[in-house]
Amino acid sequence: MNRTLKKLLLSVWILSITSLWAVAENYPYRSDVLWVTVPNHADWLYKTGEQATVEVQMYKYGIPVDKALVTYEIGGDMMPADAQGNVTLKNGKAVIPIGTMKQPGFRDCRLKATVDGKTYAHHVKVGFSPEKLQPYTSLPADFNQFWEKAKTEQAAFPLSYTKEHVAKYSTDKIDCYLIKLQLNRRGQSIYGYLFYPKGGGKYPVVLCPPGAGIKTIKEPLRHKYYAEQGFIRFEIEIHGLNPEMSDEEFKEISTAFNGGENGYLTNGLDSRDNYYMKRVYLACVRSIDLLTSLPEWDGQNVIVQGGSQGGALALITAGLDQRVTACVANHPALSDMAGYKAGRAGGYPHFFRNSVDMDSPAKLKTMAYYDVVNFAKQIQADTFITWGFNDDVCPPTTSYIVYNALNCPKEALITPINEHWTSSDTEYGHLLWIKKHLK
């Protein structure tokens, strides 16, 4: 074997090992300690009135931690603890009684243990008849009229946008364009990256709204497989900020205008007509206008897909716009936001935990016009939702409430261990689900 070939094979081997390291770093991410929690029902679900227990296991370097003291607090999902205690691990294991619930919902067991001078925390949520959860948020009598009027007013403004090729996000298989989409006569706009398959043809279109925050569009090529496999995909931001700005510029803007006391999700909440998110929701509809105007659109399939705030906006768009034929959402935010009024978890942004002066008639009224549960009731498109139980950002209580509110053809992928994340396999699975539901 000549020296050049040996060097080439060595390089390939090193690259392969590096790639394996990159994908093999899983939970617990670079931690010496691993928690394992095993409810006595394999699916982590119980009927109301049933007693639940969880076996807690703890390992350091993969070796059971013996005789460690584990303290715990147990309470409702996002609620204060109503029970507490401690157990001592024997051969790295102990059983904790979680109790039961008389009403549908979730209980959260929050764990702490100190090992070799360092304290480690974990938690596990189990559900009690969550398929029976219903929203606290009610549907305003004029909900549809309000939004039809808003859409009609926006439709009077002609579709207008600029389109600029972006070489750095284009490949031999796909082309990327930076879009600046005008929203109204006030000069407001949003930006997005529009991805096309190369080679011409007619394709389904996919709108992907963003997660929460004032930030750039995250890793635009991370979902390039949509365009590579025959979809036009439009990834947007919602604040009218050019995603080509630097991270430092976005951070400065976010710090200046997105503090806890004046964040965009509370901006104008006293008025359903002046609330910040009205423009955002309508921007999603205007994005559908753009996608369905493209000569490369197949004329049938309009898909919305996103996670967290993006999952909320996907569901909202599907509820607002009957052109949508399929919807995929991960752990949607903005769901049953006033649920804390019922003594249980409400949805992100957790107004009643993280903000002040939220409990006013005007703000509660506005929330109802912008809550995902009320848009979910309007959806006719095929819908797929995924969520985990250990999520404290978009808690499982609110994800179940949204799913229960859907009256359309629906499917769910429930991943109990997940906190506020989805795996790359789950995200690729969204594309596979979409392919099965093309018209």
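The values are calculated or read from the model by the stated rules, or taken from the named source; none is laboratory data. No experiment lies behind these values; they were computed from the predicted model shown. Heavy atoms of the whole protein, side chains included, go into the accessibility calculation; ligands, DNA and RNA do not. Shrake-Rupley method; radii C 1.70, N 1.55, O 1.52, S 1.80 Å.
Over region 254-346, accessible surface divided per residue gives 28 Å², non-protein components excluded, 1.4 Å probe.
Rounded, prolate or oblate: pick one for region 343-401, where a ≥ b ≥ c are the square roots of the eigenvalues of its C-alpha gyration tensor, a/c under 1.5 means rounded, and failing that, prolate if a/b is larger than b/c, else oblate. Write out the running numbers ahead of the final one.
On the way: a/c = 3.07, a/b = 1.29, b/c = 2.39.
Oblate, since a/c reaches 1.5 and b/c is not below a/b.
Counting only DSSP beta bridges whose two residues both lie in the chain, roughly 70 percent are antiparallel.
To the nearest 500 deg cm²/dmol, what mean residue ellipticity at 222 nm is calculated for the chain from DSSP H runs of n ≥ 4 alone, each contributing -39,500 (n - 2.57), summed and divided by the residues? Each step should come with its number before you reach the end.
On the way: 11 runs with 122 residues, N = 439.
Calculated at 222 nm, the ellipticity per residue is -8500 deg cm²/dmol.
Ignoring ligands, DNA and RNA, what percent of the accessible area of the chain is carbon or sulfur (1.4 Å)? Could the numbers behind the result be given before it?
Values: 10730 of 20400 Å².
Percent of accessible area from carbon and sulfur atoms in the chain: 53.
Heavy-atom accessible area, probed at 1.4 angstrom with all protein chains present, ranks ARG353, ARG344, ARG286 as ARG353, ARG344, ARG286, highest first. When the Debye formula is applied to the Cα atoms of the chain, each taken as the same point scatterer, what base-10 log of I(q)/I(0) results at q = 0.09, 0.13 Å⁻¹? Values returned for q = 0.09, 0.13 Å⁻¹ are -0.65, -1.21. How would you classify region 82-188 from its alpha-carbon gyration tensor, with a ≥ b ≥ c the square roots of the eigenvalues: rounded for a/c under 1.5, else prolate if a/b is greater than b/c, otherwise oblate? Cα axes put region 82-188 in the oblate bin.
Please list HIS430, HIS239 from largest to smallest accessible area, probe radius 1.4 Å, with all protein chains kept in place.
Working: HIS430 0, HIS239 30 Å².
Putting HIS430, HIS239 in descending order of accessible area: HIS239, HIS430.
How would TYR340, TYR428, TYR281 rank on accessible area, largest to smallest, probe 1.4 Å? Don't skip to the end; give the middle numbers.
Values: TYR340 35, TYR428 75, TYR281 5 Å².
Accessible-area ranking of TYR340, TYR428, TYR281, largest first: TYR428, TYR340, TYR281.
Taken over region 109-201, lysine pairs spaced eight or more positions apart, or on distinct chains, with alpha carbons under 23 Å apart number 9. Accessible surface for GLU296 stands near 50 Å², nearest 10, in the context of the full protein assembly shown (1.4 Å probe).
Which of the three applies to region 141-263, rounded, prolate or oblate, going by the alpha-carbon gyration tensor with a ≥ b ≥ c and a/c under 1.5 meaning rounded? Intermediate results must be reported in sequence, preceding the final value.
Values: a/c = 1.98, a/b = 1.22, b/c = 1.62.
Oblate, because a/c is 1.5 or more while a/b does not exceed b/c.
Which aspartates and glutamates have a Cα less than 14 Å from the Cα of LYS67, not counting those fewer than 8 places away in the same chain? Excluding near neighbours in sequence, the set is ASP116.
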